[in-house]
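Input: a single structure, listed below in structure tokens.
Quick note: the coordinates plus some simple rules give every number you see, no bench work behind them. Predicted model, so just to flag it, every value in this text is computed and none were measured. FYI the Cβ positions are ideal-geometry reconstructions off the backbone, even for glycines, and counts take in every protein chain you see.
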Amino acid sequence: MGRTCKVIVTGAFNAGKSSFIRTISDIPVVSTERRITDELARIKGETTVAMDYGQVNIGGRLFHLFGTPGQERFEFMWDILSKEADALLILVDSTDRSSFPTARRILRRLRSRRRLPYLVVATKQDGRRAMPPEKIAAALGVRPPSFVVSCDARSKQSVHAVLVQLAQLIR
């Protein structure tokens, strides 16, 4: 077996984190999704309250994927799950510009302690009013802009391509 990598899959509420992990995991995903009981229930029925966990082997490298909750009230989990992480994936809903400040805050917070390799993953690119990756890079202050990549979190091929690209950034 090759190297193992702990990857944090994070981002704002409804960015596609759970879908991303479910799509690619080689094992049944450990999920802590619970029914939403506040005003966000109009957007979707359940949300992650602690973490999602899955794993996948790509090219002899075992990725341990830890998904964080997206709601700000669970942000303490960002710090807990990111301990000893090897890389970050910050998922951003390309159609929801109001989530960009949260993505910017997560990126700044999790990289302030250690300069972890990361990619910003632009989900929902097929949606109406989706912002292209280069504009998302500018909005988030991500340089180089190539660190923002498109992904359909429901497509195994698309998620696989993101992880292959991330693997190239991990030493």
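Highest mean packing first, where packing is the average number of other Cβ atoms within 10 Å per residue, the peptides 54-61, 151-158 line up as 151-158, 54-61.
Rounded if a/c is under 1.5, else prolate if a/b beats b/c, else oblate: with a ≥ b ≥ c from the C-alpha gyration tensor eigenvalues square-rooted, which is the range 4-169? Rounded. Let a ≥ b ≥ c be the square roots of the eigenvalues of the Cα gyration tensor of the range 58-103; is it rounded (a/c under 1.5), or, if not, prolate (a/b larger than b/c) or oblate? Oblate, because a/c is 1.5 or more while a/b does not exceed b/c.
Only beta bridges with both residues in the range 4-169 are counted; by DSSP, about 40 percent of them are antiparallel.
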